[in-house]
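S.K.: Following this message is one structure expressed as structure tokens.
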Amino acid sequence: LGEVPEGWGVSAIKRLATFIYGDALPIEVRNTDGNVPVFGSNGSFGIHDQPNTRAPVILIGRKGSCGALNWSNVPVFAIDTVYFVDDRTCSANLHWFFWSLHIANLEAASQDTGVPGLSREFAHSTMLPVPPEEEQQAIASFLDAETSRMDTLITEYKTLIDLLKEKRQALISQAVTKGLNPDVPMKDSGVEWLGDVPEHWSVRRLRFIANLNPSKSECSNIGEDEEVSFLPMEAIGDDGSLNLEHVKPINEVNSGYTYFRNGDVTIAKITPCFENGKGAVMSGLKGHIGFGTTELIVVRPEQNISISEYIHLIFVSAYFRKLGESWMYGAGGQKRVPDEFVRNFKIRVPPIDEQRTIAAFLDTEIARIDALVQDAGNGINLLRERRMTLISDAVTGKIDVRDWKKTM
């Protein structure tokens, strides 16, 4: 903790409050409206008929999101994946105590040897700086107001990011379904969900413009010790990026993995990766070939009929992903899109020169949008850092907030 202001004390958490889980409120103070939020380690996720806390209440993640902090101004039912502290078990100003817990590093206090979780013994022994009672309220009021300003800006940044991503998706969908010329003559595609298409475009199943899952026999002449790129699912980004840091000898991956080469287009077939548009145009592969997760479908464009970049744009378009979701089979987190859906998917096919024009246009526009998304993301990260610094400085006395007054 270092130095603290004169007049402040230092105390273990156990002398200020007790972390509780599982205890019920006395019957006479229970809320019986049958609509009580339920809190677990990742926040609110349902309702219960009775609370076991009294408002306001601090909730501390015990398992899962170990040490995560939440504040509720209504009674909640806290399940045994969280501890809670309310006015029955806290001798200090409860709101000040909430803010002080932010510097207790509780997320690092997983001590259980079985299921990882926050050790109450460790938490109770953690030391906090303790200001006089009237200053506790001043600190809480200051942080309520100042973090609220930052949270509003963070929300605005998040809204901007959502709007930019919507614009990105709309640009892609418009370009691969209608082209870039809004005045081009249109015709009926003959497929109800496709609607009209530019008059000079054709409508074809994917299998007639590309090949699916090319054979590994193409690698038969490569030495078994030769290294090739290896891409687990996490090495393929939702934005089409690739992490090519992993390589393996071909004899370690030739069996049991998916094969692809430079220029092939991949799309994840398992949930939620498919819905997120995870996939990429393969490029920069070591030795021009690679192997990866079996949860990929590989598509190789037919020369002079289609190009990789255009097929990739089809795969990340909203209408492809939406229809693919309706074809998924399996249960829960193991749902997959069948190869047959991709093979027989009907797409609008412009002439190959126009495919190149569309891909080049979208490459520029998407890069511009992605740069704005990155800037907004950096803004969020900076605000979060400043928010944490402000909390730390206030609860350790590095800034004096006793004379602070809230402004509009």
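The values are calculated or read from the model by the stated rules, or taken from the named source; none is laboratory data. A quick note: this is a predicted structure, and the numbers were derived from the prediction, not measured. FYI the Cβ positions are ideal-geometry reconstructions off the backbone, even for glycines, and counts take in every protein chain you see. Ligands, DNA and RNA are stripped out before the accessible areas are found, and what is left, the full protein with its side chains, is counted by its heavy atoms. Shrake-Rupley method; radii C 1.70, N 1.55, O 1.52, S 1.80 Å.
S.K.: In the stretch 302-313, which residues are within 14 Å of SER283 (Cα to Cα) and more than 26 Å from the chain's Cα centre (by Cα)?
M.R.: Within the stretch 302-313, ILE307, SER308 qualify.
S.K.: Counting only residues that are open to solvent by less than 100 Å² (accessible area, probe 1.4 Å) and either of a type in the set (Lys, Arg) or more than 20 Å from ASP238 (Cα to Cα) (or both), how many does the stretch 175-199 have?
M.R.: Residues that pass the stated criteria total 17.
S.K.: Still on this structure, please answer the following. What are the pairs, 6+ residues apart or on separate chains, where a residue within the stretch 237-259 that is more than 17 Å from LYS216 (Cα to Cα) has its Cβ under 6 Å from a residue that is assigned to a loop (DSSP other than H, G, I, E, B) and of a type in the set (Gly, Ala, Ser)?
M.R.: Hits for this filter: ASP238/GLY277; LEU244/GLY284.
S.K.: Now a separate question. Would it be correct to say that ARG386 is surrounded by fewer than 15 Cβ atoms within 10 Å (Cβ to Cβ) and touching a residue at least 12 places away in the same chain (Cβ under 8 Å)?
M.R.: Considered against the rule, which asks whether it is surrounded by fewer than 15 Cβ atoms within 10 Å (Cβ to Cβ) and touching a residue at least 12 places away in the same chain (Cβ under 8 Å), ARG386 comes out as yes.
S.K.: Restricting the first residue to the stretch 321-341 and requiring it to be over 18 Å from LEU296 (Cβ atoms), which pairs with a second residue that is open to solvent by 70 Å² or more (accessible area, probe 1.4 Å) and of a type outside the set (A, V, I, L, M) meet a Cβ separation below 6 Å and a spacing of at least six or different chains?
M.R.: Once the first residue is over 18 Å from LEU296 (Cβ atoms) and sits in the stretch 321-341, no partner that is open to solvent by 70 Å² or more (accessible area, probe 1.4 Å) and of a type outside the set (A, V, I, L, M) comes close enough.
S.K.: I would also like to ask the following. Quick check on THR271: is it touching a Gly at 6+ places or on another chain (Cβ under 7 Å) and open to solvent by less than 40 Å² (accessible area, probe 1.4 Å)?
M.R.: yes
S.K.: I want to confirm something. Restricting to the stretch 350-373 and keeping residues that are polar (S, T, N, Q) and open to solvent by 30 Å² or more (accessible area, probe 1.4 Å), which single residue is farthest from the chain's Cα centre (by Cα)?
M.R.: Among residues in the stretch 350-373 that are polar (S, T, N, Q) and open to solvent by 30 Å² or more (accessible area, probe 1.4 Å), the one farthest from the chain's Cα centre (by Cα) is THR357.
S.K.: Output the residues belonging to the stretch 267-308 that are assigned to a loop (DSSP other than H, G, I, E, B) and aliphatic (A, V, I, L, M).
M.R.: Correct list: MET282, LEU285, ILE305, ILE307.
S.K.: Cβ-Cβ distance below 8 Å, separation of 6 or more or different chains: which pairs start in the stretch 65-87 with a residue that is farther than 13 Å from ILE20 by Cβ and touching a residue at least 40 places away in the same chain (Cβ under 8 Å) and end on one that is of a type in the set (D, E, K, R) and open to solvent by less than 50 Å² (accessible area, probe 1.4 Å)?
M.R.: Partner pairs satisfying both residue conditions: THR81/ARG62.
S.K.: Then there is this: Please go through (1) among the hydrophobic types (A, V, I, L, M, F, W, C); (2) without any contact (Cβ under 8 Å) to a residue 60 or more places away in the chain; (3) closer than 27 Å to ASN276 by Cα for ILE154 and return the number of the only condition it doesn't satisfy.
M.R.: Unmet condition: (2).
S.K.: Against the condition within 22 Å of ALA367 (Cα to Cα), touching a residue at least 60 places away in the same chain (Cβ under 8 Å) and open to solvent by less than 20 Å² (accessible area, probe 1.4 Å), how does SER306 come out, does it pass?
M.R.: Against the criterion (within 22 Å of ALA367 (Cα to Cα), touching a residue at least 60 places away in the same chain (Cβ under 8 Å) and open to solvent by less than 20 Å² (accessible area, probe 1.4 Å)), SER306 does not qualify.
S.K.: Please give the number of the condition THR266 fails out of (1) modelled with pLDDT under 95; (2) under 29 Å from the mean Cα position of the chain (by Cα); (3) of a type in the set (S, T, N, Q); (4) crowded, with 16+ Cβ neighbours inside 10 Å.
M.R.: Exception for THR266: condition (1).
S.K.: A further question on this structure: Would you mind finding the one in LEU118, LEU128 that is in contact with a Cys (Cβ under 8 Å, 6 or more places away or on another chain) and either open to solvent by less than 60 Å² (accessible area, probe 1.4 Å) or aromatic (Phe, Trp, Tyr) (or both)?
M.R.: When all the criteria are applied, what remains is LEU118.
S.K.: Output the number of the condition that ALA376 fails; it satisfies all remaining conditions of (1) modelled with pLDDT of 95 or more; (2) among the small types (Gly, Ala, Ser); (3) open to solvent by 10 Å² or more (accessible area, probe 1.4 Å).
M.R.: The one condition ALA376 does not meet is (3).
S.K.: Same structure, new question: Considering only the stretch 309-349, state which residues are among the small types (Gly, Ala, Ser), open to solvent by 20 Å² or more (accessible area, probe 1.4 Å) and part of a helix (DSSP H, G or I).
M.R.: ALA318, SER326, GLY332, GLY333
S.K.: Looking at this structure, is ASP162 surrounded by fewer than 16 Cβ atoms within 10 Å (Cβ to Cβ), within 34 Å of the chain's Cα centre (by Cα) and free of Cβ contacts under 8 Å to residues at least 60 places away in the same chain?
M.R.: yes
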